[in-house]
Amino acid sequence: MLLIPCPWCGPREEAEFHYGGQAHVAYPEDPAALSDEEWARYLFFRDNPKGVFAERWSHSAGCRRWFNALRDTATNQIHGVYRVGEPRPVAS
Amino acid sequence: MAERRSPAAAYAGRFEAASRGGALRLAELPFLTQIDVRVDPSSPAAGDIGDALGVPLPVEPGTAVRAGSGADEVTVAWLGPDEWLVVAPEGHRVELLRKGLGDRHGSIVDVSAQRTALLVTGPRARDLLAHGCALDLHPAVFGPGACAQTTLARAQVVLIPREDGFLLLVRSSFAAYLAEWLLDAAAEYVA
Ligand SMILES: [Zn+2]
């Protein structure tokens, strides 16, 4: 069980959260202009690093806000959380 | 008028029996008025809603304020950075809040039927909830003035601590489940 620090509510157990995948995947400016391959890349292709990964979480059983977290995929250590709209912090 | 039945009405007798020992008091507070408020906390509308409530909307996460007394008593709990839950006695006038918001951006929704309120008080109230809640419920960190949305025995609840225990708001469809769980967990504290 992870202890995830919601940027609004503070540390809560993992069961209160939903995972939202990779963060900072921007919606294409003009989706209609994309080729099928480019669209598929936007929809389905995600980074899969071993190490620090910026990802989205939703505190679904608490304040119901989406936020971003820097989690090490190898150790599960959470290096930081930040609210939507805040810049990605430098991982320590 | 149609007969109303609160979500945990069937448990009144068993709540009362579990309350007899003095270590715990379990009771449903049925038909409270509950109003969901959504508004930008920095907007003038938020200030006007606070005026209508008689207390400013709390902006610190995980806090709740109480104001007024008797029929005018309200508890305003922080649910999110732009969302609050107003809990008040039955019959509280939601129109006052609507007037406070006016036609500005925001929403005031009567959600009284969404959740019912269970009162868990007495010297063992905290021990009882600790059986199914991961939060530190000690009054030093979670006393009057705090509030939390979390899970109790896997059911989503809004927890509002009081001087003598906790007010627990649970979805109506989960009320029977949570009542059964509370009674089961209370067995060791009931004489
Ligand atoms: Zn939260």
Quick one: in the range A:64-80, which of the residues that are within 14 Å of chain B (Cβ to nearest Cβ) and open to solvent by 40 Å² or more (accessible area, probe 1.4 Å) is nearest to the ligand (Cβ to nearest atom)?
A:Arg64
Do we have any residue at all in the range B:61-76 that's part of a loop (DSSP other than H, G, I, E, B), within 22 Å of B:Pro41 (Cα to Cα) and within 16 Å of the ligand (Cβ to nearest atom)?
yes
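Quick grid of which residues meet (1) of a type outside the set (Asp, Glu); (2) open to solvent by less than 50 Å² (accessible area, probe 1.4 Å); (3) assigned to a loop (DSSP other than H, G, I, E, B):
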{"residue": "B:Phe15", "(1), (2), (3)": "yes, yes, no"}
{"residue": "B:Asp36", "(1), (2), (3)": "no, yes, no"}
{"residue": "B:Asp51", "(1), (2), (3)": "no, no, no"}
{"residue": "B:Leu57", "(1), (2), (3)": "yes, yes, yes"}
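So in the range A:15-30, with the set limited to residues that are of a type outside the set (Ser, Thr, Tyr) and in a loop (DSSP other than H, G, I, E, B), which one is most open to solvent (accessible area, probe 1.4 Å)?
Within the range A:15-30, the first condition is being of a type outside the set (Ser, Thr, Tyr), and the residues that meet it are A:15-18, A:20-26, A:28-30.
Narrowing the set further to residues that are in a loop (DSSP other than H, G, I, E, B) leaves A:17, A:23-26, A:28-30.
On the way: A:Phe17: 17, A:Ala23: 5, A:His24: 107, A:Val25: 53, A:Ala26: 80, A:Pro28: 21, A:Glu29: 185, A:Asp30: 84 Å².
Filtering first and then ranking leaves A:Glu29.
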Near pairs, Cβ below 6 angstrom, 6+ apart or cross-chain, from the range A:52-63 (at the interface with another protein chain (Cβ under 9 Å from one of its Cβ atoms)) to any residue that is among the small types (Gly, Ala, Ser)
A:Cys63/B:Gly80
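Yes/no matrix, rows are residues, columns are (1) out of contact with any Gly (no Cβ under 9 Å at 6 or more places or on another chain); (2) within 14 Å of chain B (Cβ to nearest Cβ):
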| residue | (1), (2) |
| --- | --- |
| A:Pro5 | no, yes |
| A:Gly10 | no, yes |
| A:Ala15 | yes, yes |
| A:Tyr19 | yes, no |
| A:Gln22 | yes, no |
| A:Ala26 | yes, no |
| A:Ser35 | yes, no |
| A:Glu38 | yes, no |
| A:Tyr42 | yes, no |
Given the options A:Arg56, A:Arg12, name the one that is within 16 Å of the ligand (Cβ to nearest atom), open to solvent by less than 30 Å² (accessible area, probe 1.4 Å), not aliphatic (A, V, I, L, M) and not in a loop (DSSP other than H, G, I, E, B).
A:Arg12
Could you go through the range B:89-112 and let me know if any residue there is outside the structural domain of B:Asp184 (by TED's automatic domain parsing) and closer than 20 Å to B:Arg162 by Cα.
yes
Residues in the range B:83-106: is at least one within 26 Å of B:Pro7 (Cα to Cα), surrounded by fewer than 21 Cβ atoms within 10 Å (Cβ to Cβ) and within 16 Å of the ligand (Cβ to nearest atom)?
yes
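The values are calculated or read from the model by the stated rules, or taken from the named source; none is laboratory data. Just so we're clear, the structure is a prediction, and the values are computed from it rather than from any experiment. FYI the Cβ positions are ideal-geometry reconstructions off the backbone, even for glycines, and counts take in every protein chain you see. When the accessible area is computed, the model is the full protein with side chains, heavy atoms only, and any ligands, DNA or RNA have been set aside. Shrake-Rupley method; radii C 1.70, N 1.55, O 1.52, S 1.80 Å.
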